[in-house]
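Participant: Pasting a structure below so you can have a look.
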Amino acid sequence: MMYIPTFVQVLEFIGTFAFAISGIRLASAKQFDWFGAYVVGVATAIGGGTIRDLMLDVTPFWMTNSIYLTCSALALVGVILFGKFLIRQQNTFFLFDTIGLALFTVVGVEKTLALHFPLWVAIIMGTITGAAGGVIRDVFINEVPLIFRKEIYAIACVIGGLVYGLCHWLGLAMTVTELVSGVSVFMARILAVKYHWALPVLKGDTPSGNK
């Protein structure tokens, strides 16, 4: 059985809770019932990691430990109990989504490298782990996924993966590498939103039938 350091598991638990909060928060804005909100929260929390594990040909992480579903349930309870406070805080969704994005990117890179894949594959898997859950969430609540908008989102995951590789190449301690990589994702997203950094929009002619 593959060994995953305890610190990485802690990152997974925190990331699961944060992503679940972000999904449930948006589901509440769409007036979903408790079960529907829980489904959106779970999908947000485990969606990216599930896709990653299937592509890496390993058992999806949440099928070997029920703590991930429990974390999502606790996130639902938190939104139910403190929903009015969370709704009043305009940056709640952004904060929890960014935390989940950063932590899950690190977990995806780490797990892929532990399976002896090259760094470029690890960066892709880290990006999928971080961003794919948000895509599933946005589809469930009938919104255009963030990854397809101008905002820096998946690119922040790529930056985190590159920073992880650089720290590893420099021979930094594993915990330091994970922290620096996660912070780089978090800061890339924060700074991109604060200063309105965005990728160029691909412009094309609108089909004549869709005016």
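The values are calculated or read from the model by the stated rules, or taken from the named source; none is laboratory data. Since we're looking at a predicted model, the values are computed, not measured. We place every Cβ from the backbone using ideal geometry, glycine too, and count neighbours over all the protein chains shown.
Participant: Conditions: (1) surrounded by 15 or more Cβ atoms within 10 Å (Cβ to Cβ); (2) under 25 Å from Ile46 (Cβ atoms). Met174 meets all but one. Number of the miss?
Facilitator: (1)
Participant: Quick one: which of Val121, Val180 is farther than 29 Å from Lys30 by Cβ, in contact with a Phe, Trp or Tyr (Cβ under 9 Å, 6 or more places away or on another chain) and free of Cβ contacts under 8 Å to residues at least 24 places away in the same chain? Reasoning before the result, please.
Facilitator: On the way: Val121 fails: in contact with a Phe, Trp or Tyr (Cβ under 9 Å, 6 or more places away or on another chain).
None of the other options fit; the residue is Val180.
Participant: Could I ask something else about it? May I ask you to list the residues in segment 103-147 that are farther than 20 Å from Leu166 by Cα and in contact with an Asp or Glu (Cβ under 8 Å, 6 or more places away or on another chain)?
Facilitator: Gly134, Val144, Pro145, Leu146, listed by residue number.
Participant: Considering only segment 62-77, how many residues are among the small types (Gly, Ala, Ser) and touching a Ser or Thr at 6+ places or on another chain (Cβ under 9 Å)? Lay out the reasoning, then the answer.
Facilitator: Narrowing segment 62-77 to residues among the small types (Gly, Ala, Ser): 66, 72-73, 75.
Filter once more, so that each one left must be touching a Ser or Thr at 6+ places or on another chain (Cβ under 9 Å): 72, 75.
Result for segment 62-77: 2.
Participant: His116 fails exactly one of the following numbered conditions: (1) within 29 Å of Asn91 (Cβ to Cβ); (2) more than 14 Å from the chain's Cα centre (by Cα). What is the number of that condition?
Facilitator: (1)
Participant: Got a sec? Which of Val107, Val121 is more than 13 Å from Ala20 (Cα to Cα), surrounded by 24 or more Cβ atoms within 10 Å (Cβ to Cβ) and within 19 Å of the chain's Cα centre (by Cα)?
Facilitator: Working: Val121 fails: surrounded by 24 or more Cβ atoms within 10 Å (Cβ to Cβ).
Being more than 13 Å from Ala20 (Cα to Cα), surrounded by 24 or more Cβ atoms within 10 Å (Cβ to Cβ) and within 19 Å of the chain's Cα centre (by Cα) holds for just one of Val107, Val121, which is Val107.
Participant: State all residues of segment 36-79 that are part of a helix (DSSP H, G or I), touching a Leu at 6+ places or on another chain (Cβ under 9 Å) and either without any contact (Cβ under 8 Å) to a residue 12 or more places away in the chain or among the β-branched types (Val, Ile, Thr) (or both); if no residue qualifies, say none. First the steps, then the outcome.
Facilitator: Narrowing segment 36-79 to residues part of a helix (DSSP H, G or I): 36-55, 61-63, 67-79.
Now drop any that are not touching a Leu at 6+ places or on another chain (Cβ under 9 Å), which leaves 37-38, 40-42, 44-46, 62, 78-79.
The answer is Val40, Val42, Thr44, Ile46, Val79.
Participant: Let me ask something else. Has segment 141-157 got any residue that is aromatic (Phe, Trp, Tyr), outside any loop (DSSP other than H, G, I, E, B), modelled with pLDDT under 95 and surrounded by 19 or more Cβ atoms within 10 Å (Cβ to Cβ)?
Facilitator: Narrowing segment 141-157 to residues aromatic (Phe, Trp, Tyr): 148, 153.
Right, trim to outside any loop (DSSP other than H, G, I, E, B) and you get 148.
Next, only the ones that are modelled with pLDDT under 95 stay: 148.
Remaining after also requiring surrounded by 19 or more Cβ atoms within 10 Å (Cβ to Cβ): none.
Scanning segment 141-157, I find no residue that is aromatic (Phe, Trp, Tyr), outside any loop (DSSP other than H, G, I, E, B), modelled with pLDDT under 95 and surrounded by 19 or more Cβ atoms within 10 Å (Cβ to Cβ), so the answer is no.
Participant: Given the residues Gly126, Gly100, Gly134, which is the only one that is at pLDDT 95 or above, of a type in the set (Gly, Ala, Ser) and buried (at least 24 other Cβ atoms within 10 Å of the Cβ)? Quick ask: steps written out before the conclusion?
Facilitator: On the way: Gly100 fails: at pLDDT 95 or above; Gly134 fails: at pLDDT 95 or above.
Residue meeting the stated conditions: Gly126.
Participant: Just one of (1) buried (at least 17 other Cβ atoms within 10 Å of the Cβ); (2) out of contact with any Ser or Thr (no Cβ under 7 Å at 6 or more places or on another chain); (3) among the hydrophobic types (A, V, I, L, M, F, W, C) trips up Ile80, so point out which.
Facilitator: Going through the list (1) buried (at least 17 other Cβ atoms within 10 Å of the Cβ); (2) out of contact with any Ser or Thr (no Cβ under 7 Å at 6 or more places or on another chain); (3) among the hydrophobic types (A, V, I, L, M, F, W, C), Ile80 breaks only (1).
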